[in-house]
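J.: Sharing a structure with you now.
Each reported figure results from applying straightforward, stated rules to the coordinates on display, with no laboratory input. Quantities reported herein were computed from a predicted structural model and do not represent experimental measurements. Here Cβ is always computed from backbone atoms with ideal geometry, including for glycine, and neighbour counts include all displayed protein chains.
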């Protein structure tokens with residue numbers, strides 16, 4: 001969990017990740033709820049950092065992998081429950097990008113994949129809230 005709190009690439013990474021959090025977190029909290037937001041952030045972040053330590057990227061750290069998890073959960077939710085059908089199709093490009101990231105052994109792909117899986121579970125378990 002410590003690797004999520006350390007921005008190993010310095011100020012640029014810190015500012016970029018804070019900006020990403022400022023955009024993603026309010027939407028994720030509104031659509032997923034506070035507890036689900038925390039669950040997705042923690043599980044996707046820890047999972048991605050675990051994959052990193054297992055060999056994908058053993059050096060470095062940051063919360064961008066957990067932010068990717070939140071994006072994955074939101075994309076999956078919108079693909080299943082979103083109101084604009086054409087946009088629901090477009091967001092399916094995100095899981096395709098995830099596949100590319102995973103093939104490149106990029107730990108952001110692991111966070112995105114876990115987030116997508118959690119988003120699917122959240123959408124299936126609480127569909128009435130989002131429709």
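J.: Counting only helical runs of four or more DSSP H residues, what would the 222 nm mean residue ellipticity of the chain come to if each run contributes -39,500 (n - 2.57) and the total is spread over all its residues?
T.: -24500 deg cm²/dmol
J.: Could you give the length gained on full extension between residue 124 and residue 20, defined as 0.36 nm per residue of separation minus the Cα-Cα distance, in nm?
T.: Length difference between fully extended and current span is 34.8 nm.
J.: Between residue 85 and residue 97, what length comes free when the chain is fully extended (0.36 nm per residue of separation minus the Cα-Cα distance, one decimal in nm)?
T.: The span from residue 85 to residue 97 would gain 2.3 nm if fully extended.
J.: Compute the angle between helix 93-103 and the longest alpha-carbon principal axis of the chain, please, reported from 0 to 90 degrees and rounded to the nearest 10.
T.: That works out to roughly 30 degrees.
J.: Something else about it: So how do 18, 37, 101 line up by other beta-carbon neighbours within 10 Å, fewest first?
T.: So the ranking, lowest neighbour count to highest, is 18, 101, 37.
J.: Order 26-36, 112-122 from most to least packed using the mean count of other Cβ atoms within 10 Å.
T.: Sorting 26-36, 112-122 by mean packing, highest first, produces 112-122, 26-36.
J.: Calculate the translational D of the chain in whole µm² s⁻¹ from Stokes-Einstein, where the hydrodynamic radius comes from the Kirkwood formula applied to all Cα pairs, the temperature is 25 °C and the viscosity 0.890 mPa s.
T.: My calculation gives 167 µm²/s for D.
J.: Sequence gap at least 6, Cα distance under 8 Å: using those rules, report the relative contact order of the chain to the nearest whole percent.
T.: 30
J.: Could you tell me how many degrees, from 0 to 90 and to the nearest 10, lie between the Cα long axis of helix 34-51 and the main elongation axis, the longest principal axis, of the Cα atoms of the chain?
T.: 40
J.: What angle, in degrees between 0 and 90 and rounded to the nearest 10, separates the Cα long axis of helix 64-81 from the longest principal axis of the Cα atoms of the chain?
T.: That helix lies at roughly 10 degrees to the long axis.
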